[in-house]
Structures are given as C-alpha cells and as structure tokens.
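The values are calculated or read from the model by the stated rules, or taken from the named source; none is laboratory data. These numbers were taken from a predicted model, which means no experiment stands behind them. Ideal geometry is used to build each Cβ from the backbone, glycine not excepted, and the neighbour counts take in all protein chains shown.
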Amino acid sequence: MKRLTLLLFFLISTAAAQVKPVQLADSLFSTYYHQRATLFESLPQTQGDIIFLGNSISDGGEWSELFADGRMKNRGISGDNSAGVLHRLEEVALRKPAKVFLLIGTNDLAQNVSADSLLKNMRWIADYLKEKTPATQLYIQSILPVNERFQKFGGHTSKRELIRKVNAQLQADASKHSYIYLDLHTPFSDNTGRLDARYTNDGLHLNGDGYAFWKHLIYDEVYDLQQKPSVIPAPQQLQWKEAAFPLYRSKTIVVRDPALKAEAERLHAILAEKGLRLQIKDRAAPNELYIALALEKTAAPRLAEEAYTLSVNKDRVAIKANTPHGIFNGIQTLRQLMRDAAYIPGCEVRDWPAFSWRGYMVDVGRNYQSMEMLKEQIDVMARYKLNIFHFHLTEDIAWRLEVPRYPQLTAPEHMTRNKGAYYTVAEMQELIRYCKDRHITFVPEIDMPGHSAAFTRVMGVDMQSEQGLAILKNILNDFSDTYDVPYVHIGGDEVEITNNNFLPQVTQWLHERGKKTIGWEPGGNLDKATIRQLWMRDGPTNPDYTYIDSRHLYINHMDPLEAVTTIFSRQIGDREAGDNTVLGGTLCVWHDRNVLKQEDVLQMNPVYPGMLAFAERSWKGGGHLGWITNIQADQTDRLQEFLEFENRLLDHQELYFEDKPFPYAAQAVMKWKLYGPYQNKGKLSASFAPEKKFFNGKKSAAEAVGGTVVLRHFWHPLVTGVLEKTEENTTWYATTQFWSDVDTTGHFWIGFQNLSRSQNSDTPAKGTWDNKGSAIYLNGEAIAPPVWKRAGQQGNPEIPLVDESYEFRAPLTAPVKKGWNTVLVKLPIGSFKGRDWHNPVKWMFTFVPVSAPGF
C-alpha cells in the first residue's frame, strides 16, 4: 500500500507479549477443512496479499473477481470456527500479507462455544499475527446479523443477541490487540436488527447483492482510502445522503436529447471499463434502476455553461446541466463517485467553476512528445475538468508544426534535438478533434519573434525583417485556413523588439482572420485586444486588459512535494474567482533540458500531482495571496485545509495513477523542529549543539510541516520560505521522529537541491549532497549521498538529468529500528548568491518515506 499516513509519524503501537503456540488435533476438523487447508499450503507465496480469512461467508466470495485485483486471496473454509483459524493461521502468517480481513465466530456460537472462549481465540489470533508478521494490518469484521424468519440454521439464528455482545467486545478490544474493527453488523441489519433479507436467502449466508454490499462497505479499508469517495476538484456544494445507488444492478442510461448522444456514449464506455454493461435508452422500464442525463435549466452564480447538478438516491442517478459541457463535467464527478463499481453513495451536488480558463501547457518545441503521450495528458486534463490545452510548438531548438508551403521548416537538418520529429497537419487536426471531444479548447503557440532561431536557420532571415514577416504571414494565413481554433498564442517575450510594427501587424492579421490572440506579459508591444499571459512577478494591474495567470505556475522549477503545496495555496490572478479582467490560469511545463526519454518530462516535473492541485484551485477558486513553498505549520486552518486535499490526492494516486508517473508521497503529517541560526563564519563543516549526542532542544526557533522544507527560495523574497529572516554563513538544523513496529530497512526520498529543468545546473561533486555541506542523520548515523552517475558534471542543456533529484532516482535505504527513530538534518549556508544564474541557491531539504516494508 502506498499510503503511510496511519503507519508513520507519531504513531505509538502496543507491543504484545510473546504468543504461546496452540496445538490442536487434526481429527477435530472436517474433510473439507483439510482439503482447503492443504490447498492453501500448496499455493505459491506472493507479495502484497490481501487475505479474506474466515468461514463459509468468506469462502463464498470470489474476492479477486469482485475487486478485479489479483492480490485478493480467499482463505475461507465453510464450517470453520475460531479454533480452525488458530490451527491454520501459520500458513497465513508465513505469507506476510499486507492485510487480513477476518470474519469468524458465528459457527462458534452455534456450536455453543462460550462468548468468552470465542473472544479469547480472537485475541490470540490478533496477537499471533502481530508477533509473527507485524507489518500486516489485521481487520476483524463484526459477526454478521442473522435472520430466523427463513427457518433455516436455527442454531445460528438463535444467537442474535449474543452476536451483538461479542461484537461490542471485539470493538472494545481493538486498540489493545492492534487490529482495526469493522462494523458490518449495523449496515447489514434491517430495522429490527436482523440480517436484511435483501442480502440473504437463508438467514445466514450472503447472496450476490450481499457480497456487492460487503465490497462497498470495506472498499476504503482495502485500498487505504477516505471513507467517502474523494472528488477532485471538490464540488462547490456536496451534501452526502444516506441511501446509496446499487450501480451493479443498473442496466440503463436514460437520454432523450439527441445533443447528449456523445455524452451518453462516453458514460457507457466508462461503465464498460468497470465491467458494467448498460444500454442507452430514452426511458427506463417501470421500477428499473437507471442513470439519467438531461439538459435542463441549471442555476449557477457564474459560468452557467459549465455548471451541473448531480443527484444520487437508491433508485436513480441524475445529471442535469444547461449544456453538454456541463453534463460532461457531471460525468467526471460521477466517475469518481463510483470508485468501487458496486454502489454510488447518495449525494446532492451543485457545481460550477470559479475560473473559465483552466489551462495546461506543454512545450514540445524543446522536447518532442508522441501523440500517445499527449493524449494521455489530455485525458487526465479532461478527468479533472481542465479546459485549455496550450501547445507550445515552435522554439529555437526546432519548429515542430508542419507547414506544407514550407516543408524545410520541419526538415531534420534544421532541428538540434529530436531531429525530424514534428506534427503533421493530420496529427494537428487529430489533436484538435481529440480536445474538442473532451470539451477542451486547443490553443497552439507559434512563438514570435522570440524563440525563433529555428525559423531563422531555415529561412535565412530574421522573423522581424520585412522578408521574415511576409513569410510568417503566409504561414499564419495557411494556419487560419487549415485549423479551426479560436485562439493563436503568439509568444512575444524574451526578445529585443527591433521592428515595433511586427507584433501589431501579426495580431491585426490574425484578428482579421477571426482568431483571438494571446501573448506573454511581460513581452512585446501587444495591442489591447490580445490576452496577456502573466509569467513574471507583476500582477493583473490594468483593468483594460484581459489576463491569464501563469506566475509561479512553472512546475519545471518546482520540487514535486513543493509543487503541490504551493499550487494548492495559490490565489489565481490574485482573486478568489475569475472576472472580466482575469480569465483564470495555465499550469506550464517548460522542460528546457534534453531528456533521455519522453516520459522523463512527466516524472522529473510533477505533472500529474501538480495538475490535480491546479485543477482543484482553478475550479474551486479561493486560495491565499502570496507565493509560498511550505505548508503553513503555524496556521491550523490552512494546515487542515491542505491535509484534507492531500488525503483526496493520495486516494487518486492509489486509484487512478498506478500506471503513470505520479511523484508524490504523504507529507502533511510530518512535523519538524528547526534550531538555529548558528554562526558558521563560512566554515560549512562546523558542528553545533544539535549534533551532540545528548542535545535536547526544548524550544525550537521555528517549526515546519512537510516532506520538503524550503528555508529560503532562490526567488526570495517574492517566494517565501519557512524562515522569516535568513543570514549568510549560518547553519540550521531540522529534526523529527517516527515510529516503526519492527527493525527493518526504510526507503526514503532524500535531497537537498531539486534541480530546475530549465537551468543548466551542475551535478553535485562526488561524495556530497550539494555544495553547501548539507548532511542527514538517522539515529545518529549519517546517510550517505547517492553515488552520482555524473558527479561534478557541469550543467549542459544537451546532457539529460539522470539521478540528480530524488523523484527520478531509486529511493535511498537506511536501517530503521523498532520504536522511535530520530532524523536530524544539517543545513549550512555560505552565500545566497549562486555561481551563476544556472546554479541558484535554493536552501531546502527533502526527507519523506515512500515505501518501507515493516512500517
């Protein structure tokens, strides 16, 4: 399991005394028992098993199919009791499973085993597993209710009240015996306290509906999720209701408006991916469960064209909206609500976006990306309701847009990287259609007159020259005739404007062709009609202009953990919601440096974690003024706000990004105490009190929360770090503790400089973490830095990064002891001025567990 929140940091475990072995005679158990038990012993041992252990009720579940997960293993034996589980528990323990879900006891009570004896056995089972396989999480599920009205299994159904008493004690014992108690009795009971007849045909065992309901009840525990489905972006209004919709029994999608045919087919395909086969009809049969999509007037305080309502009750799911786009948005929320493919929790959703422009930009000029990888990113955008795909096509390195009139523009010999890789007219048309089908506006960028060295190499003229402008007008004329897009981004920044008529002529030309224009700000002399995309420090100051905010939204500059905290904290355009001046924002990926493989762009830049944080903020609105890098340790409300989002983010990482790069780990539970400043007088190796064996700092100078802590950003004071005041030639220390149930090997992300992918930063020297003398100790022992593959390599844009930052190298390992473990981070600093602009000083550290068996 990826989530470590409940297992790490400040978690105290009760150690059990050694469990005495129990010897029982084989003759006590049935032939069927031995058939099953010997089968279990013969099966291969696999990693990460989730075992369902118990009697006939567990035996009857096809768990791996029910969850569509091969890790689920059935260890149920019909007729078994707690003694039988004791007798065969060694086979389970030897497997070292990730989780065990135990349901046992109804047969004990039917056989007149006393409640005390049953409970004693249950405690022994829990203590034995804790001792033999402490990393295994045990869930003891309550004994299910029974129902005597079927007039079967009288010995079982007569124990209704005794079952309640045993369950109450099982719940009371959970903490002392280190298991999690799951109450299935209550939800499986009818209003008389008996097993609900919907879930059984004999008063004891479960039918198909019962197993589907069981899956729904424990799904969050199986996958370490929030109890209710996590929705990103969070709806503006969400109210949970009691009754749930049994999705697995639904057969119909009701759609009457032909305008919603595409959305109905989209929903049909989503359900089919989950193994659910529904038909699209214009009405449902009497008493039939169904999902309805309908265009209907839907009130919203803003952006009503994207608003929707979603209602879920026990009989029906209804999505209503003013437009197909609104229905599409509702479907994305529904997709997340039906995470277990069994039930959709009852709820009422009323939702709309805070900003109309919710963009994501990729730079394919510098590093070409395949159509497949572009579509993957567009699909993720669509799932999270982003609606602008900004496609940066041309650069100094290469011109990647096919122009049939000028085929030489995309000739391999005129590209300095990914030679011969470009997008044909047909591929561009395909991407535009692909976006449009997902209600995403495709915004191509042809950078002019800056970043145009490729154009100059090919044409032999500067773009701002009279000849260059004439060629460019031909290109734009052909472009406008070929592509049905409403916007053209013209770039316009990072260049000396030598022809003041260049940008006005280009924008006028495009406007006459019916295209709206966007340019970077600060940049060239843009006209009033051109939308300004902010990328530096100045905000949207002129009410006569229209803006898109991309300030401090370049994730190529960000550490993955920092990216999520700072993007989530942001207030887009310095306002809580969009208006006529600020349309919204665009998250940007500028990977200037060459890559070994295209997927590195997604791994080295926190694309998907950053995208989800941005989707939350741009849809929900709100946020806070100023640009910060850290979780606000001293502001309880903001810390809680981030923790709630992080829990949803981790749910999505677990459920939807297993096969995609998603560099993120739980960090909101990590609390640090910082001590300093100690004057090192330029001697970075100098040692101070926190390094002494018996140091006991009673009052820290500062506190921090997170896996990455930035003391001082290289854009200080524009972007703030955790220290209010920083001094050169000082040393600080940070310390935290975590608990482990066993002696084991820990796996950690550790780092002291997360290199920007847009600067030609140097690789650390051999045997060092960085050039500041940083160090880290676990239980007093130094953790050695990685053996850099290119130690001391001077930064070069054509030399790809390979292991310089933690998110794209293997986690470091270190011995972890049973009990409390202490982490000490040493953070010296000399000068805040880097060797050059490619090597800025970002005073920071990262320490976070990512996957540690035994925790």
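Is one or more of the residues making up the range 50-57 out of contact with any Pro (no Cβ under 8 Å at 6 or more places or on another chain), assigned to a helix (DSSP H, G or I) and surrounded by 11 or more Cβ atoms within 10 Å (Cβ to Cβ)?
Scanning the range 50-57 turns up at least one residue that is out of contact with any Pro (no Cβ under 8 Å at 6 or more places or on another chain), assigned to a helix (DSSP H, G or I) and surrounded by 11 or more Cβ atoms within 10 Å (Cβ to Cβ).
Pairs only if they're at least six apart or on different chains, beta carbon under 9 angstrom, first in the range 556-584 and touching a residue at least 40 places away in the same chain (Cβ under 8 Å), second of a type in the set (Lys, Arg) and assigned to a helix (DSSP H, G or I); list them, first residue then second.
Listed pairs, sorted by first residue: 567/617; 568/617; 569/617; 569/638; 570/617; 571/617; 572/617.
Sort through 276, 225 and tell me the only one that's buried (at least 18 other Cβ atoms within 10 Å of the Cβ) and either within 30 Å of residue 61 (Cα to Cα) or out of contact with any strand residue (DSSP E or B) (no Cβ under 9 Å at 6 or more places or on another chain) (or both).
225
Checking residue 771 against (1) surrounded by fewer than 16 Cβ atoms within 10 Å (Cβ to Cβ); (2) free of Cβ contacts under 8 Å to residues at least 12 places away in the same chain, which test does it fail?
Unmet condition: (1).
Sort through 70, 61 and tell me the only one that's touching a helix residue (DSSP H, G or I) at 6+ places or on another chain (Cβ under 8 Å) and either in a helix (DSSP H, G or I) or surrounded by fewer than 17 Cβ atoms within 10 Å (Cβ to Cβ) (or both). Reasoning before the result, please.
Details: 61 fails: either in a helix (DSSP H, G or I) or surrounded by fewer than 17 Cβ atoms within 10 Å (Cβ to Cβ) (or both).
Testing whether each residue is touching a helix residue (DSSP H, G or I) at 6+ places or on another chain (Cβ under 8 Å) and either in a helix (DSSP H, G or I) or surrounded by fewer than 17 Cβ atoms within 10 Å (Cβ to Cβ) (or both) leaves just 70.
Please find, within the range 701-717, the residue that is surrounded by the most Cβ atoms within 10 Å (Cβ to Cβ) out of those that are part of a loop (DSSP other than H, G, I, E, B) and out of contact with any Gly (no Cβ under 9 Å at 6 or more places or on another chain). Walk me through how you get there before you give the answer.
Keep residues of the range 701-717 that are part of a loop (DSSP other than H, G, I, E, B), which gives 701, 706-707, 713-717.
Going one step further and asking which of them are out of contact with any Gly (no Cβ under 9 Å at 6 or more places or on another chain), we end up with 706-707, 715-717.
On the way: 706: 27, 707: 29, 715: 16, 716: 18, 717: 9.
Result: 707.
Yes/no matrix, rows are residues, columns are (1) part of a helix (DSSP H, G or I); (2) closer than 16 Å to residue 644 by Cα; (3) modelled with pLDDT of 95 or more:
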position: 217; (1), (2), (3): yes, no, yes
position: 224; (1), (2), (3): no, yes, yes
position: 228; (1), (2), (3): no, yes, yes
position: 232; (1), (2), (3): no, yes, yes
position: 235; (1), (2), (3): no, yes, yes
position: 243; (1), (2), (3): no, no, no
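How many residues does the range 308-333 hold that are outside any helix (DSSP H, G or I), touching an Asp or Glu at 6+ places or on another chain (Cβ under 8 Å) and surrounded by fewer than 23 Cβ atoms within 10 Å (Cβ to Cβ)?
Total satisfying the criteria: 5.
Scan the range 749-767 and tell me whether some residue there is touching a Leu at 6+ places or on another chain (Cβ under 6 Å), modelled with pLDDT of 95 or more and surrounded by fewer than 20 Cβ atoms within 10 Å (Cβ to Cβ).
No, that holds for no residue.
Can you pull out every residue in the range 495-524 that is out of contact with any strand residue (DSSP E or B) (no Cβ under 9 Å at 6 or more places or on another chain), in a loop (DSSP other than H, G, I, E, B) and either surrounded by 14 or more Cβ atoms within 10 Å (Cβ to Cβ) or outside the structural domain of residue 627 (by TED's automatic domain parsing) (or both)?
Scanning the range 495-524 gives 497, 499.
Please go through the range 336-375 and pick out each residue that is outside any loop (DSSP other than H, G, I, E, B), touching a strand residue (DSSP E or B) at 6+ places or on another chain (Cβ under 8 Å) and free of Cβ contacts under 8 Å to residues at least 60 places away in the same chain.
Across the range 336-375, the qualifying residue is only 374.
So that you can scan it fast, the table gives a plain yes or no per residue for (1) in a strand (DSSP E or B); (2) of a type in the set (Lys, Arg); (3) out of contact with any Asp or Glu (no Cβ under 7 Å at 6 or more places or on another chain):
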position: 785; (1), (2), (3): no, no, yes
position: 791; (1), (2), (3): no, no, yes
position: 797; (1), (2), (3): no, no, no
position: 804; (1), (2), (3): no, no, yes
position: 807; (1), (2), (3): no, no, yes
position: 820; (1), (2), (3): yes, no, yes
position: 828; (1), (2), (3): yes, no, yes
position: 833; (1), (2), (3): no, yes, yes
position: 845; (1), (2), (3): yes, no, yes
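Given the conditions (1) basic (Lys, Arg); (2) outside the structural domain of residue 590 (by TED's automatic domain parsing); (3) over 26 Å from residue 594 (Cβ atoms), which single one is not true for residue 438?
Unmet for residue 438, out of (1) basic (Lys, Arg); (2) outside the structural domain of residue 590 (by TED's automatic domain parsing); (3) over 26 Å from residue 594 (Cβ atoms): (2).
Could you tell me how many of the residues in the range 380-422 are at positive phi and buried (at least 17 other Cβ atoms within 10 Å of the Cβ)?
Selection size over the range 380-422: 2.
Sort out which residues of the range 613-638 are at pLDDT 95 or above and aliphatic (A, V, I, L, M), and write them in order of number.
613, 615 - these are the residues of the range 613-638 that are at pLDDT 95 or above and aliphatic (A, V, I, L, M).
Return the only residue of 558, 604 being crowded, with 20+ Cβ neighbours inside 10 Å and over 18 Å from residue 365 (Cα atoms).
On the way: 604 fails: over 18 Å from residue 365 (Cα atoms).
Criteria check complete, one pass: 558.
Within the range 167-204, restricting attention to residues that are among the aliphatic types (A, V, I, L, M) and under 15 Å from residue 150 (Cβ atoms), which residue is surrounded by the most Cβ atoms within 10 Å (Cβ to Cβ)? Give the steps one after another, and end with the answer.
From the range 167-204, those among the aliphatic types (A, V, I, L, M) are 168, 170, 172, 174, 180, 182, 184, 195, 197, 204; that's our starting set.
Imposing the further condition that a residue be under 15 Å from residue 150 (Cβ atoms) reduces the set to 195, 197, 204.
On the way: 195: 27, 197: 13, 204: 23.
Checking each candidate, the answer is 195.
Have a look at 129, 118, 138 and point out the one that is crowded, with 21+ Cβ neighbours inside 10 Å, hydrophobic (A, V, I, L, M, F, W, C), within 37 Å of the chain's Cα centre (by Cα) and part of a helix (DSSP H, G or I).
On the way: 118 fails: within 37 Å of the chain's Cα centre (by Cα); 138 fails: part of a helix (DSSP H, G or I).
Going through 129, 118, 138 in turn, the sole match is 129.
Could you tell me whether the range 287-310 includes any residue that is under 29 Å from residue 209 (Cβ atoms) and among the charged types (D, E, K, R)?
There is at least one residue in the range 287-310 that is under 29 Å from residue 209 (Cβ atoms) and among the charged types (D, E, K, R).
Restricting to the range 363-374, what's the tally of residues that are touching a Leu at 6+ places or on another chain (Cβ under 8 Å) and either under 24 Å from residue 304 (Cα atoms) or surrounded by fewer than 24 Cβ atoms within 10 Å (Cβ to Cβ) (or both)?
From the range 363-374, those touching a Leu at 6+ places or on another chain (Cβ under 8 Å) are 364-365, 371, 373-374; that's our starting set.
The next check asks that each one be either under 24 Å from residue 304 (Cα atoms) or surrounded by fewer than 24 Cβ atoms within 10 Å (Cβ to Cβ) (or both); those that pass are 371, 373-374.
So the answer is 3.
What do you reckon, is residue 672 hydrophobic (A, V, I, L, M, F, W, C), touching a His at 6+ places or on another chain (Cβ under 9 Å) and more than 30 Å from residue 337 (Cα to Cα)? Explain how you work it out, then say what you get.
Working: hydrophobic (A, V, I, L, M, F, W, C): yes; touching a His at 6+ places or on another chain (Cβ under 9 Å): no; more than 30 Å from residue 337 (Cα to Cα): yes.
No; evaluated as a whole, the condition is false for this residue.
For the range 610-653, name all the residues that are part of a loop (DSSP other than H, G, I, E, B), of a type outside the set (Ser, Thr, Tyr) and touching a strand residue (DSSP E or B) at 6+ places or on another chain (Cβ under 9 Å).
Our first condition is that a residue be part of a loop (DSSP other than H, G, I, E, B); within the range 610-653, this holds for 621-626, 629-630, 632-635.
Of the ones still in play, those that are also of a type outside the set (Ser, Thr, Tyr) are 621-626, 630, 632-635.
Answer for the range 610-653, where residues must be part of a loop (DSSP other than H, G, I, E, B), of a type outside the set (Ser, Thr, Tyr) and touching a strand residue (DSSP E or B) at 6+ places or on another chain (Cβ under 9 Å): 626, 630, 632, 633, 634.
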